[in-house]
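To keep things clear, I will list the structure first and then write my remarks on it.
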Amino acid sequence: MDSSCLAFLNIFFFCVCSASPPNFILLFADDLGFGDLGCYGHPSTLTPNLDRLAAGGLRFTDFYCTSPVCSPSRASLLTGRYQTRSGIYPGVLYPGSRGGLPLNETTIAEVLKPLGYATAAMGKWHLGYGANGMFLPTKQGFDEYLGIPYSHDMGPCSNLTCFPPDVKCYGKCDTGTVTVPLMHNEAIKQQPVNFIDLERAYSDFATSFITTSVEKKQPFFLYYPSHHTHYPQFAGPGAAGRSLRGPFGDSLLELDNTVGTLMATLEKTGVINNTLVFFTSDNGPELMRMSRGGNAGLLKCGKGTTYDGGMREPAIAYWPGIIKPGVTHEMASTLDILPTIAHLAGAKLPPVMLDGVDMTDLLIHQGKSKRETMIFYPVDPTEKYSLFALRLGKYKAHFYTRGATHSDTTPDKDCSVFSLLKAHDPPLIFDLEADPSEHYPLTVEGRPDIEALLAKIKQVKLQFEASMVFGESQISKGTDPDLAPCCNPHCSPKPSCCHC
Ligand code: MG
């Protein structure tokens, strides 16, 4: 019997005989590039646990997030919809943002709740805080939450120490706002958060959540959007100074250590063969931080751009006995995770326009991806400009290109903030299989085959645009400093008095 038959029988056996639906652990790194993991070719990074998942699972070469910055990418991951539909654009949410992921959007946690799943989130939420914490994870289908509700540089750096504790982390953070809080559900547990102990707190939280769920015989969904490896990096004593790659490497190693703890917990509780673990990242590396900003490998540019370095991500699916170890070159996306989890759990899809497709066949049977296109929206999508680029099969067409502050300082001048918005008619077309670095646009003129391809790309673009209804922008609602989380809400003077 060949291995694909065996995998099929495994999933069949699992579906028929398992007393419990599968568990899901979704790991989401921050600003981690295509070239940052050991299993994606980085020569000095230390990611033994993620490398082990890749060796025993399915590693993707053509996996995309939906935005080159944090909040929109997270909105798409959790809803299976482009961020333009949910209104998480332009840019990202801030501590005092009035908006957030609309409560009528359906998250993966809300898809699973009707089936009796225990749901928990820990880490960087970044889908809004709002008045009285109205946009926190506990309002979006998660039973429990431990974490920082936005990026950890969105507060004064004064409390952000690396290890040893008297060493300040490199660089600048936002000033004039509250120090970074650690939330437990809807209450502020620490303000400012203790970064040195943060990863230990997450490991303890995850271990307790998994163990309790298994004891209660309750299937679970754990979502861990990590602060690592967003700038400025931090690491506790288990990782600081222990990688070969400096602060970025230490931070990544600390995340990898937590992955090891999670896997050990799955082993210990006996559910490792009934749990899908999926790892990917929210957007490409922040190259403006140079060696502190991650690495896109051979891909062009990084965070903030719609080149592949901004949006093609490492991705690994691990489920021993169900997912056959290997590498896939099929195209897939964070959009596809919600429909896939829904299918595997036997849950209903939300009754809305989804952009994700079910990738069960790809994961379990080494089948083809149902995804033929990927849309590349800029940080600030508008109906006027619409999409910046579109991938169809192995071809990617750029209708607009632009550099970004986040990708500044790279030798490639196209990545620079001084590379202003440029329209391309005909679009720049790249064959990403022959030229993954997007260096050599194909010649359209005098090439009937490319002209036919271009006609097809334009048709797909028109069809997609006709299907897109922009949701009201949540981020354009602006900010109100009084909405930022404060552990002592009636204190004065703010924000410095928010210190408990
Ligand atoms: Mg990010």
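Could you tell me which numbered condition residue 51 fails, if it satisfies all but one of (1) in contact (Cβ under 8 Å) with a residue 24 or more places away in the chain; (2) open to solvent by 10 Å² or more (accessible area, probe 1.4 Å); (3) away from the ligand (no atom under 16 Å from the Cβ); (4) not hydroxyl-bearing (Ser, Thr, Tyr)?
Result: residue 51 fails condition (1) only.
For the range 440-499, how many residues meet the condition of being in contact with a strand residue (DSSP E or B) (Cβ under 6 Å, 6 or more places away or on another chain) and open to solvent by 60 Å² or more (accessible area, probe 1.4 Å)?
Looking only at that region, the number is 2.
Yes/no matrix, rows are residues, columns are (1) touching a helix residue (DSSP H, G or I) at 6+ places or on another chain (Cβ under 6 Å); (2) part of a strand (DSSP E or B); (3) in the same structural domain as residue 37 (by TED's automatic domain parsing); (4) within 16 Å of the ligand (Cβ to nearest atom):
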site	(1), (2), (3), (4)
239	yes, no, yes, no
243	yes, no, yes, no
273	no, no, yes, no
302	yes, no, yes, yes
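Report, by residue number, each residue of the range 435-454 that is in contact (Cβ under 8 Å) with a residue 12 or more places away in the chain, part of a loop (DSSP other than H, G, I, E, B) and not acidic (Asp, Glu).
The first filter runs over the range 435-454 and keeps only residues in contact (Cβ under 8 Å) with a residue 12 or more places away in the chain, leaving 436-439, 441-442, 444, 450, 453-454.
Adding the requirement that they be part of a loop (DSSP other than H, G, I, E, B) leaves 436-439, 441-442, 444.
The answer is 436, 437, 439, 441, 442, 444.
Are any residues in the range 133-171 modelled with pLDDT of 95 or more, outside any loop (DSSP other than H, G, I, E, B) and open to solvent by 40 Å² or more (accessible area, probe 1.4 Å), and if so, which ones?
Within the range 133-171, 139, 144 meet the criteria.
Which condition breaks for residue 486 when tested against (1) of a type in the set (A, V, I, L, M, F, W, C); (2) outside any strand (DSSP E or B); (3) closer than 29 Å to residue 61 by Cα?
(3)
Count, please, the residues in the range 122-132 that happen to be more than 16 Å from the ligand (Cβ to nearest atom) and either closer than 15 Å to residue 199 by Cα or open to solvent by 10 Å² or more (accessible area, probe 1.4 Å) (or both).
Of the range 122-132, the ones more than 16 Å from the ligand (Cβ to nearest atom) are 122, 129-132.
Subsequent filtering for residues that are either closer than 15 Å to residue 199 by Cα or open to solvent by 10 Å² or more (accessible area, probe 1.4 Å) (or both) retains 122, 129, 131-132.
Number satisfying all stated conditions: 4.
Select, from 34, 28, the only residue that is within 16 Å of the ligand (Cβ to nearest atom) and open to solvent by 10 Å² or more (accessible area, probe 1.4 Å).
Answer to the selection: 34.
Does residue 253 qualify as being open to solvent by 10 Å² or more (accessible area, probe 1.4 Å), closer than 21 Å to residue 44 by Cα and assigned to a loop (DSSP other than H, G, I, E, B)?
Values: open to solvent by 10 Å² or more (accessible area, probe 1.4 Å): yes; closer than 21 Å to residue 44 by Cα: yes; assigned to a loop (DSSP other than H, G, I, E, B): no.
Judged against the criteria, residue 253 is not a match.
Any residue in the range 83-101 that's closer than 18 Å to residue 174 by Cα and open to solvent by 10 Å² or more (accessible area, probe 1.4 Å): show its pairings with residues that are of a type in the set (Ser, Thr, Tyr) and in a helix (DSSP H, G or I) at Cβ separation under 8 Å, as long as the two are six or more apart or on different chains.
Close Cβ pairs satisfying both conditions: 91/71; 92/71.
Kindly state which helices (runs of 4 or more DSSP H) lie completely within the range 1-104 and contain at least 2 residues that are farther than 28 Å from residue 264 by Cβ and modelled with pLDDT under 95.
3-17
What do you reckon, is residue 262 in a helix (DSSP H, G or I), in contact with a strand residue (DSSP E or B) (Cβ under 9 Å, 6 or more places away or on another chain) and within 16 Å of the ligand (Cβ to nearest atom)? If you could, list the steps in order and put the result at the bottom.
Working: in a helix (DSSP H, G or I): yes; in contact with a strand residue (DSSP E or B) (Cβ under 9 Å, 6 or more places away or on another chain): yes; within 16 Å of the ligand (Cβ to nearest atom): no.
No.
Quick check on my filter: what residues within the range 304-332 are out of contact with any helix residue (DSSP H, G or I) (no Cβ under 8 Å at 6 or more places or on another chain), in a strand (DSSP E or B) and not charged (D, E, K, R)?
315, 326, 327, 329, 331
Testing residue 386 on (1) small (Gly, Ala, Ser); (2) without any contact (Cβ under 8 Å) to a residue 60 or more places away in the chain; (3) open to solvent by less than 50 Å² (accessible area, probe 1.4 Å), one condition comes back false. Which one is that?
(2)
The values are calculated or read from the model by the stated rules, or taken from the named source; none is laboratory data. Just so we're clear, the structure is a prediction, and the values are computed from it rather than from any experiment. Positions of Cβ are generated from backbone atoms using ideal geometry, with glycine treated the same way; all protein chains shown enter the neighbour counts. Heavy atoms of the whole protein, side chains included, go into the accessibility calculation; ligands, DNA and RNA do not. Shrake-Rupley method; radii C 1.70, N 1.55, O 1.52, S 1.80 Å.
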